[in-house]
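> Attaching a single structure in structure tokens format; questions to follow.
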Amino acid sequence: MSGTLVGILGFACIVAIVVTLFKSKTLPSIAFIVFPMILALVLVLGKYYTWEDIASLIKSGFSSTGPTAALFVFSVLYFGIMTDAGMFDVIIGKLMLLVKDSVVGVCIMTCIIALIGHLDGGGASTFCIVVPAMLPVYKRMHMRPTTMLRIAVLSMGVLNLMPWAGPTMRAATVLGIEAGALWRTIMPIQACGIILALAVAVVNGIIEKKRGAGLNGLLAQTEGQAAVSPAEAAAAEAASELARPRLFFFNVFLTIAVIALLILDIFPSYVPFMMGVALAILVNYPGAKMQKKIINLHAGPALMMCSTLMGAAVLMGVLVKNVEGTESVITCMSGLISGFLPAVLGRHLPLVIGILSVPLALAFDTDSYFYGMLPVMIGIGEGFGIAATPIAVAMVVCRNCATFISPMVPATLLGVGLADVDIKDHIKNSFLWVWGFSFICMIVAVLFGIMPL
């Protein structure tokens, strides 16, 4: 079987996965297992690989996903415990008291709440924090909910660069490194992105004020006066039972310590969260019965992502890993593309990817973007002498800005639903802001030498 045919079969596998995920025919984890195994069967029948080769490839694929899976499980548990204990509620409540009836202040607070809420890397949970808290404020101050969503998604995109967030973990898995190592590379971009997100919030506040927002004023303390449904009351009562306000300072210091350990890089990135979960659950919820209840509350998201990562191990093994003396499928795929790609574009591949990332984010879901496209781009870059890390940085940083305007991301649909905004209006009002934000982040990456010109 020729390398050209293997490359064509590799693209057929990627297209099949993307189409299946687009049409919501199955879960990503299932698609990542079924289609690569079909490809593996064809390659074995074509005598390109043996079944022993396939077993070796899949085993090597799993070697890069284990640390990432551990990081995700324990980070989900940790931030779930902090949310249950009410740490974020206290912080948000104190911040809202500072806003009062300032339009610009409301926009800045939207940004800060989104940054804090997205510490756990969960888009759906962040929208569930930001929108219910801020939408009544925006309505009473005659501010557009599309502005609230725009500020929130840009802030969430910046925080989505954390090592336990999905895109960084996926890119690190493809690179075969720890997510913490990739995060430390992009930390300067993230720091600048946070400042830029706050600046965008100020600009949007000024725009809203010029439109006449805030004419009636609003005290932040009155935002909760709206009628509460029985379901909401029951949920609030359940949350109050788990709240641990007296342990607020302990939880804050513990969170700071966990993040500090991540930055210091003393342990693998999952170890600080393992220690953090152990201390947090022992102090906040003593007793095996209560601890089991807390863990069960957050088991769903952790299991879903772990199953996706395990499926991705099969995909990465069959497509990306290679047997000695035989080219990998991804090498054959990249050889096909590099033959058509002009050399002038190939030499500037990270910048080309960075420029196109936001439009591509609207068409690709996160899994197919990173597990499908990134390996191909890395393979193409190798043909032009470009290292894998700058390509991964371009795809992570520039695409992250657009994560929560993409209709392919379920959390986006949740956010617009909570805000009662049509998805097309959300995209229309945020797209150019997000793309511009992405360009600035790319320029910062170039200035810091993280991405080559």
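The values are calculated or read from the model by the stated rules, or taken from the named source; none is laboratory data. Given the structure is predicted, the values throughout are model-derived calculations rather than measurements. Cβ sites come from the backbone with ideal geometry, for glycine too, and all protein chains shown count toward neighbours.
> Restricting to segment 414-450, what's the tally of residues that are out of contact with any helix residue (DSSP H, G or I) (no Cβ under 7 Å at 6 or more places or on another chain) and assigned to a helix (DSSP H, G or I)?
Count: 9.
> Cβ-Cβ distance below 8 Å, separation of 6 or more or different chains: which pairs start in segment 175-193 with a residue that is modelled with pLDDT of 85 or more and end on one that is in a helix (DSSP H, G or I) and among the charged types (D, E, K, R)?
Short answer, once both residue conditions are applied: none.
> For residue 220, work out the one condition from (1) farther than 30 Å from residue 309 by Cβ; (2) modelled with pLDDT of 85 or more; (3) crowded, with 18+ Cβ neighbours inside 10 Å it doesn't fulfil.
So residue 220 meets the others, but not (2).
> Has segment 167-176 got at least one residue that is within 21 Å of residue 413 (Cβ to Cβ) and either of a type in the set (A, V, I, L, M) or part of a helix (DSSP H, G or I) (or both)? Show your work before the answer.
In the first step, residues of segment 167-176 are kept if they are within 21 Å of residue 413 (Cβ to Cβ); the result is 167, 170.
Among the residues that remain, those that are also either of a type in the set (A, V, I, L, M) or part of a helix (DSSP H, G or I) (or both) are: 167, 170.
Within segment 167-176, one or more residues are within 21 Å of residue 413 (Cβ to Cβ) and either of a type in the set (A, V, I, L, M) or part of a helix (DSSP H, G or I) (or both).
> Output yes when any residue across segment 126-141 is touching a Pro at 6+ places or on another chain (Cβ under 7 Å), touching a residue at least 24 places away in the same chain (Cβ under 8 Å) and of a type in the set (Phe, Trp, Tyr), and no when none is. I'd like the intermediate steps shown before the answer.
So the first thing to find is which residues in segment 126-141 are touching a Pro at 6+ places or on another chain (Cβ under 7 Å), and the list is 135, 138.
Narrowing the set further to residues that are touching a residue at least 24 places away in the same chain (Cβ under 8 Å) leaves 135, 138.
From what is left, the residues that are of a type in the set (Phe, Trp, Tyr) are 138.
Looking through segment 126-141, at least one residue is touching a Pro at 6+ places or on another chain (Cβ under 7 Å), touching a residue at least 24 places away in the same chain (Cβ under 8 Å) and of a type in the set (Phe, Trp, Tyr).
> Could you grab me the full set of residues in segment 279-299 that are surrounded by 18 or more Cβ atoms within 10 Å (Cβ to Cβ), of a type outside the set (Gly, Ala, Ser) and out of contact with any Gly (no Cβ under 6 Å at 6 or more places or on another chain)? Please lay out each step first, then the result.
Step one: of segment 279-299, the residues surrounded by 18 or more Cβ atoms within 10 Å (Cβ to Cβ) are 280-281, 284-285, 294, 298.
Now restrict to residues that are of a type outside the set (Gly, Ala, Ser): 281, 284-285, 294, 298.
Answer for segment 279-299, where residues must be surrounded by 18 or more Cβ atoms within 10 Å (Cβ to Cβ), of a type outside the set (Gly, Ala, Ser) and out of contact with any Gly (no Cβ under 6 Å at 6 or more places or on another chain): 281, 284, 285, 294.
> While we're on this one: What tally of residues in segment 1-47 results from selecting those that are within 17 Å of residue 335 (Cα to Cα) and assigned to a loop (DSSP other than H, G, I, E, B)? Steps first, answer last, please.
Of segment 1-47, the ones within 17 Å of residue 335 (Cα to Cα) are 1-14.
Those still in the list that are assigned to a loop (DSSP other than H, G, I, E, B) too: 1-2.
Total satisfying the criteria: 2.
> Does segment 251-258 contain any residue that is of a type in the set (Gly, Ala, Ser) and at pLDDT 75 or above? Full working, then the answer.
First, pick out the residues of segment 251-258 that are of a type in the set (Gly, Ala, Ser): 257.
With at pLDDT 75 or above added as a condition, the list becomes 257.
Yes, because at least one residue in segment 251-258 is of a type in the set (Gly, Ala, Ser) and at pLDDT 75 or above.
> A further question follows. Given the options 96, 143, 82, 156, name the one that is buried (at least 24 other Cβ atoms within 10 Å of the Cβ) and either modelled with pLDDT under 85 or outside any loop (DSSP other than H, G, I, E, B) (or both). Write out each step before concluding.
Numbers: 96 fails: buried (at least 24 other Cβ atoms within 10 Å of the Cβ); 143 fails: either modelled with pLDDT under 85 or outside any loop (DSSP other than H, G, I, E, B) (or both); 82 fails: buried (at least 24 other Cβ atoms within 10 Å of the Cβ).
None of the others qualify; the one that does is 156.
> Consider residue 76 against the criteria (1) in contact with a Pro (Cβ under 6 Å, 6 or more places away or on another chain); (2) outside any helix (DSSP H, G or I): it satisfies all of them except one. Which criterion is unmet?
Among (1) in contact with a Pro (Cβ under 6 Å, 6 or more places away or on another chain); (2) outside any helix (DSSP H, G or I), the lone unmet condition for residue 76 is (2).
> Quick one: would you say residue 361 is farther than 18 Å from residue 118 by Cα, surrounded by 17 or more Cβ atoms within 10 Å (Cβ to Cβ) and either more than 17 Å from the chain's Cα centre (by Cα) or modelled with pLDDT of 80 or more (or both)?
Values: farther than 18 Å from residue 118 by Cα: yes; surrounded by 17 or more Cβ atoms within 10 Å (Cβ to Cβ): yes; either more than 17 Å from the chain's Cα centre (by Cα) or modelled with pLDDT of 80 or more (or both): no.
Spelling it out, it is not the case that residue 361 is farther than 18 Å from residue 118 by Cα, surrounded by 17 or more Cβ atoms within 10 Å (Cβ to Cβ) and either more than 17 Å from the chain's Cα centre (by Cα) or modelled with pLDDT of 80 or more (or both).
> Among the candidates 432, 414, 349, 447, single out the residue that is without any contact (Cβ under 8 Å) to a residue 60 or more places away in the chain and closer than 28 Å to residue 135 by Cβ.
Values: 414 fails: without any contact (Cβ under 8 Å) to a residue 60 or more places away in the chain; 349 fails: closer than 28 Å to residue 135 by Cβ; 447 fails: closer than 28 Å to residue 135 by Cβ.
Unique residue meeting the criteria: 432.
> Would you tally the residues in segment 262-278 being touching a residue at least 12 places away in the same chain (Cβ under 8 Å), surrounded by 16 or more Cβ atoms within 10 Å (Cβ to Cβ) and of a type in the set (A, V, I, L, M)?
Count: 4.
> Of the conditions (1) at pLDDT 80 or above; (2) on the phi > 0 side of the Ramachandran plot; (3) surrounded by 13 or more Cβ atoms within 10 Å (Cβ to Cβ), residue 212 fails just one. Which one is it?
For residue 212, the exception is condition (3).
> Among the residues of segment 308-320, are any within 30 Å of residue 384 (Cβ to Cβ) and either assigned to a loop (DSSP other than H, G, I, E, B) or of a type in the set (Asp, Glu) (or both)?
The answer is yes; a qualifying residue exists.
> If only one of 14, 58, 91, 8 is surrounded by fewer than 16 Cβ atoms within 10 Å (Cβ to Cβ) and not charged (D, E, K, R), which one is it? Talk me through it step by step, then tell me what you get.
Values: 14 fails: surrounded by fewer than 16 Cβ atoms within 10 Å (Cβ to Cβ); 58 fails: surrounded by fewer than 16 Cβ atoms within 10 Å (Cβ to Cβ); 91 fails: surrounded by fewer than 16 Cβ atoms within 10 Å (Cβ to Cβ).
Matching residue, one of 14, 58, 91, 8: 8.
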